[in-house]
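One structure is given here, and the rest of the page talks about it.
The values are calculated or read from the model by the stated rules, or taken from the named source; none is laboratory data. This structure is a prediction, so every number in the text was calculated from the model and none was measured. Positions of Cβ are generated from backbone atoms using ideal geometry, with glycine treated the same way; all protein chains shown enter the neighbour counts. Only protein heavy atoms, including side chains, enter the accessible area calculation; ligands, DNA and RNA are left aside. Shrake-Rupley method; radii C 1.70, N 1.55, O 1.52, S 1.80 Å.
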Amino acid sequence: MDYVIFDLEWNRYSKKVKLKCPDEIIQIGAVKYDENLNYAGSFNCFIRPSLYNKIETMVQEITGITMDTLKQHGVPFSKAFKSFREFMGRDCVLMSWGVQDAAILRENCIYYNRDINLGFLKNFADLQSYVAGDKRIESEQNQPGLKNSVISLGIEYDEKTLHNALVDATLSGEVFKRTFNKVRFEKCIFDARKISLHYKGIHITDIKSGLINKREFLMRCPRCGKFASKTSGWYRRGKSFFAIHRCRACKSDMLSMMEILLLPDENIKYKKKTSIIEKVEL
């Protein structure tokens, strides 16, 4: 039985989120070890996007992947996955750092081929959970990060190359090899075919998104029910937007909050809340 360690880079363009497949894979990287833990090869493939025509700024900054790179060197997902499936072989344990990569790979596979055979996920291991049992690795709340694990084990790495799928897969493979305990590892293998991210809704955090109905940003005074006038611009904190409003009817100042969700049925849900700002007399 071989061991295949993979890593993904993906893109979610917040202005035009596709709820049926929010995270579009743009790179697959992997390394393989044989049953004796001998290095048996690597896999690296860029994927040409079909869901999003732009790379989210943060994704580009972290990964260094640009749309030009994907257009020049990327292939369609179906072709990339076919090559990756061939690289895995017929008998392997597939693993990634955490379960998110497995869930996103599953969602992308189903999106492009609803009838796909997910048998490759039958023997899967969460490498992050597995190495958490190694006393040499420092971790917070039993969730060791890849970088901390690499440092704890004295594995050489280049900070500038992190967040590249092949680089991260290679480092994950080194961690796996150096912490391998057959008995403990086999207890971590499970069937990940049903693993899912279970999207209940995705927060829209770009106020300029074309999905937003601007009229929803009209806020009523909680004291008299009249529409209030905005006295500050909207600003985002976390997943919510905030602004200061003033009611011209009752002269009340209020703090307004707006949370915007894209639901699984692709409708938009707006959560509004206003609260009166009480004036303090000195």
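Points worth noting:
- Positive-end extreme of charge dipole, segment 1-124 - chosen from S78, Q100, S50 (charges on Cβ): S50
- Charged-residue dipole, Cβ positions (Lys, Arg, Asp, Glu), segment 7-59 about Cα centre, Debye nearest 20: 540 debye
- Protection proxy ranking, peptides 126-136, 171-181, 32-42, average beta carbon neighbours within 10 Å, highest first: 171-181, 126-136, 32-42
- What you get for segment 86-221, charging only the Cβ of Lys and Arg (+1) and of Asp and Glu (-1), is a dipole of about 520 debye around the Cα centre.
- Max-minus-min Cα coordinates of segment 1-43 on each principal axis give 47, 15, 9 Å, with the largest extent listed first.
- Accessible surface, per residue, of segment 105-144 when the full set of protein chains is kept, probe 1.4 Å, Å²: 59 Å²
- Accessible surface, 1.4 Å probe, highest first, among residues M67, M219: M67, M219
- The Rg/Rh ratio of segment 76-231, with Rg taken over Cα atoms and Rh as the Kirkwood radius over Cα pairs, comes to 1.15.
- A dipole drawn for the chain from +1 and -1 charges on Cβ atoms has a positive end, and of F217, S129, Q27 the residue lying farthest that way is F217.
- Share of carbon and sulfur in the accessible heavy-atom surface of the chain [1.4 Å probe, %]: 47 percent
- Antiparallel DSSP beta bridges within the chain, as percent of all bridges there, nearest 5: 85 percent
- Note on segment 1-134: Lys pairs 8 or more places apart or on different chains, Cα atoms under 24 Å apart, count 22.
- Accessible area of segment 216-272 divided out per residue, in Å², using a probe of 1.4 angstrom: 59 Å²
- Extreme residue, positive dipole direction of the chain, given options N148, F87, Q60 (C-beta unit charges): Q60
- Where the Cα pairs of segment 1-84 fall when distances are cut into 5 Å bins, in %: 3, 15, 23, 21, 16, 10, 7, 4, 1, 0
- Ordering of 44-54, 5-15 by burial proxy (mean other Cβ atoms within 10 Å per residue, highest first): 5-15, 44-54
- Net dipole in debye of the chain [+1 Lys, Arg Cβ; -1 Asp, Glu Cβ; about Cα centre; nearest 20]: 1960 debye
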